[in-house]
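The values are calculated or read from the model by the stated rules, or taken from the named source; none is laboratory data. The structure displayed is predicted, hence computed values, not measured ones. Every residue, glycine as well, gets a Cβ built from its backbone with ideal geometry; the counts of neighbours run over all protein chains shown. Just the protein is used for accessible areas: all its heavy atoms, side chains included, with ligands, DNA and RNA removed. Shrake-Rupley method; radii C 1.70, N 1.55, O 1.52, S 1.80 Å.
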Amino acid sequence: MGTALPWSTMRWLELAFIIAVGIAGAYSFGYILWTRRIGHIWPKRDEIRLINKRGLFTGIAEVALQTRVIANRPVVGIIHLIVFYGFVSFSVKSATHVAAGVMALREPIHLGPIDAFLDVIAALVFVSCVLLAIRRYFFMKDRLTHPAESGVVLSLIAGLMVTYMLERPTFGVNLGLEGTAAKMNWWVHYIILCGFPSLIAYGKHLHLLIAPINVVLKHMTEIPSDRPISGGDFAMPEDEDLFEAEYARVGMPNGVADFSFHSLFDTAACIECGRCNDACPSADAGLKPRDHFVLALRDPSVDSEGLAELIAPDTLATCTQCRACDVVCPVGNRPSKAGLEIRGRMSFEGLYPVPGLTDGASPAIATGNLFGEGPATRAALLRDQELPVYDHTQHEVLFVLGCQGANSPDLQPIVSATARLLEAADIRYGVPETESCWGEALVHGGGLMEDWPFWKAERTEELDTALGGDRARTILTICPHCKDSIGTQYADAGEVFPNVRSHVDFLAELVREGRLQVEKKTESMAVHHPCKVIHNDETALLDELLETSGVKAFTGGKSPNIPSCCGGGGGGFLWDSPAKVNRNRMDALAATGQSKTVTSCPGCHRMLDVAKSEDAEVVDIASVLYERVHAARAKKKAAEAAVTADETAPHTK
């Protein structure tokens, strides 16, 4: 540590000025941060629910290693990683820099080997700032936001690095700043330190402070699962005052200020990089998750009508809830979750959904299924396939068919294949005697307020009656959307059925336990991983079934690492969306060179079937597996018959 200069009147004045500048910088930062960015969010912190403590370590690791940033854009990610660590590393050095000025030391405080490390970091950060500036102003100038602010921030970061290198020998080179020059260099560094936080609080670079918190919160507040739809727990009380209070809770009488903590906190963490816009399958229809689901919620003074201007309902309706935007976000934002909340709150304000969705949902409300079929269609399926009606005294699994599996001739083979597999594994199952849409069409098609509260109550009663009141029984479905409705949406409304399972999960378990014997058949197929399979962390189970069946699978695009939607999610199968996501997805699958595509969701099956070429084929994993199980059983019977024939045949000596 260097020796101190003698204290004089000028030194006391300088010290007072140092303190005044520091206080001014801290006050400016706090004032801007609170009044402009988080003052309206902080009171909602009680909404945070930590459900995954292990997520703390996962989140810290993601922040420390910047894994998501690097995975999506390796070169730019590594450059940002360097800047990030420079930002963190220099917090210690900045403290010693301020201390040296306060104590009037003749030279900076030395940190031994740390100084050599910081020399390298300073040089790398400076070069990274230059590279990022080149990228921003020459290659990405039409796509990235706030160019002036970014230029100032990059200049200030570079300025910190340069003034650090000028205050002491760097890489053994002494740049010779002494006396007045050294003092001016110190003051430039200090003023940048004091002013930089205010700029960060004001603009998009607040992510430097908020993003690490947001990434950790994302991992601690959510596990792989479906998400409750905003307003799906609307109780519809009869008392007028209670009704108004409930309506205010799920609507947005105060505009954007009514939104949840996480949707609003995302606005403070957003880096505005546009990765979510690039990943969105509905981008061709004008949907921009960054602009519509994040930045649109940044100003809490925006009312419901103003929000509808920022995100037009027609554009909002094209969101398929695939969560590709969530996956690629480097700062832990979940734009699709905010989009789901926007839909729900707009619904209660009469601003959503669009007529195309309500028209598509009307058959489900009128007849109980999306296809407008009468009960005879489902009854014929039960009769022809000899499907037993569930009896809670005899059966262990309630097999719900869903309105797609029960009423679409193209999808009924999935029901048949699944039933035969259950029988092959000696599973005692039954199907509901009668069945209506479990709710997907209503919550996305306009029934959230008027029909859903009563609809879910009726469906819950039907399930309880079928199960004999034993909600612990397994409910099996071929449709991830039915699984979402019964397992997540009903639970959000307080009606919990804890063992709702997809056929992918259930069949994989039967194979693993040896209850299904599979005769491998080598075959190549394209595979479409449904978004909900990815959301529920069942991707590996689908791949496991394919491998067991002998299928060499080819994925199209970046799926399943980044969900590639069929276009049917988020109510997409209810209308002819202008996004045409299914056609783009089918093109990506066709590009694999395979004529057959396998999936595990009847909704995906329908959407891809519409978009495929005449010579292409779409099949479900249950049909693929049943073909191999049937072959194994036939082979076993043939072997047994051969043994029997050998034993009964006359033998000659």
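Here's the yes/no breakdown for (1) surrounded by fewer than 18 Cβ atoms within 10 Å (Cβ to Cβ); (2) farther than 22 Å from F371 by Cα; (3) small (G, A, S):
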site: E396; (1), (2), (3): yes, yes, no
site: C403; (1), (2), (3): no, no, no
site: P409; (1), (2), (3): yes, no, no
site: I414; (1), (2), (3): no, no, no
site: T418; (1), (2), (3): no, no, no
site: L421; (1), (2), (3): no, yes, no
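Scanning region 493-504 for residues that are crowded, with 17+ Cβ neighbours inside 10 Å and out of contact with any Ser or Thr (no Cβ under 8 Å at 6 or more places or on another chain) yields A493, F497. Screening N584, N561, N536 for residues that are touching a residue at least 60 places away in the same chain (Cβ under 8 Å) and either closer than 18 Å to A283 by Cβ or among the aliphatic types (A, V, I, L, M) (or both) leaves exactly one candidate, N584.
Does at least one position in region 269-279 carry a residue that is assigned to a helix (DSSP H, G or I), under 26 Å from T145 (Cα atoms), among the basic types (K, R) and within 24 Å of the chain's Cα centre (by Cα)?
Of all residues in region 269-279, those assigned to a helix (DSSP H, G or I) come to 269, 275-279.
Now restrict to residues that are under 26 Å from T145 (Cα atoms): 269, 275-279.
Still in the running and among the basic types (K, R): 275.
Okay, now just the ones that are also within 24 Å of the chain's Cα centre (by Cα), so 275.
The answer is yes, given that some residue of region 269-279 is assigned to a helix (DSSP H, G or I), under 26 Å from T145 (Cα atoms), among the basic types (K, R) and within 24 Å of the chain's Cα centre (by Cα).
Answer yes or no: is there a residue in region 484-502 that is hydroxyl-bearing (S, T, Y) and in contact with a Phe, Trp or Tyr (Cβ under 6 Å, 6 or more places away or on another chain).
There is at least one residue in region 484-502 that is hydroxyl-bearing (S, T, Y) and in contact with a Phe, Trp or Tyr (Cβ under 6 Å, 6 or more places away or on another chain).
Just one of the listed residues (G430, G344) is assigned to a helix (DSSP H, G or I) and either of a type outside the set (S, T, Y) or open to solvent by 20 Å² or more (accessible area, probe 1.4 Å) (or both), and it is G344.
Restricting to region 356-375, and then to whatever is assigned to a helix (DSSP H, G or I) and over 27 Å from the mean Cα position of the chain (by Cα), can you tell me which residue is surrounded by the most Cβ atoms within 10 Å (Cβ to Cβ)? Before the answer, list the steps.
First, the residues of region 356-375 that are assigned to a helix (DSSP H, G or I): 356-367, 375.
Next cut, over 27 Å from the mean Cα position of the chain (by Cα) only: 359, 362-367, 375.
Details: D359: 14, S362: 17, P363: 20, A364: 25, I365: 18, A366: 9, T367: 17, P375: 15.
Residue satisfying both the conditions and the ranking: A364.
Scoring G232 on the criteria (1) at pLDDT 95 or above; (2) crowded, with 23+ Cβ neighbours inside 10 Å leaves a single failure, condition (1). Between a first residue in region 228-246 that is within 12 Å of F348 (Cβ to Cβ) and part of a helix (DSSP H, G or I) and a second residue that is open to solvent by less than 30 Å² (accessible area, probe 1.4 Å) and at pLDDT 85 or above, which pairs have beta carbons less than 8 Å apart while being 6 or more apart in sequence or on different chains? If the second residue must be open to solvent by less than 30 Å² (accessible area, probe 1.4 Å) and at pLDDT 85 or above, the pairs left are E246/F234. Scanning region 134-147 for residues that are more than 30 Å from the chain's Cα centre (by Cα) and open to solvent by less than 80 Å² (accessible area, probe 1.4 Å) yields a count of 1. State which residue is nearest to K552 (Cα to Cα) when the search covers only region 635-653 and only residues that are open to solvent by 90 Å² or more (accessible area, probe 1.4 Å) and modelled with pLDDT under 85. The qualifying residue nearest to K552 (Cα to Cα) is E640.
Filtering region 442-456 to residues that are over 27 Å from the mean Cα position of the chain (by Cα), assigned to a helix (DSSP H, G or I) and surrounded by 14 or more Cβ atoms within 10 Å (Cβ to Cβ) leaves only W455. A472 satisfies every condition listed in (1) touching a residue at least 40 places away in the same chain (Cβ under 8 Å); (2) open to solvent by 10 Å² or more (accessible area, probe 1.4 Å); (3) aliphatic (A, V, I, L, M); (4) in a loop (DSSP other than H, G, I, E, B) except (1).
Among the residues of region 462-469, are any of a type in the set (G, A, S), over 27 Å from V354 (Cα atoms), open to solvent by less than 30 Å² (accessible area, probe 1.4 Å) and within 23 Å of the chain's Cα centre (by Cα)? No, every residue in region 462-469 fails to be of a type in the set (G, A, S), over 27 Å from V354 (Cα atoms), open to solvent by less than 30 Å² (accessible area, probe 1.4 Å) and within 23 Å of the chain's Cα centre (by Cα).
Being part of a loop (DSSP other than H, G, I, E, B) and either within 20 Å of the chain's Cα centre (by Cα) or not small (G, A, S) (or both), is that true of even one residue in region 627-634?
no
Can you report the number of residues in region 481-512 which are closer than 17 Å to A417 by Cα and out of contact with any strand residue (DSSP E or B) (no Cβ under 6 Å at 6 or more places or on another chain)? Before you say what the answer is, go through the steps one by one.
Filtering region 481-512 down to residues closer than 17 Å to A417 by Cα leaves 501-511.
Restricting the remaining residues to those that are out of contact with any strand residue (DSSP E or B) (no Cβ under 6 Å at 6 or more places or on another chain) gives 502-505, 507-511.
Selection size over region 481-512: 9.
When region 605-634 is filtered for residues that are at pLDDT 95 or above, open to solvent by 20 Å² or more (accessible area, probe 1.4 Å) and basic (K, R), the ones remaining, listed by number, are R606, K612.
There is at least one residue in region 268-285 that is crowded, with 20+ Cβ neighbours inside 10 Å, modelled with pLDDT of 95 or more and under 19 Å from D46 (Cα atoms).
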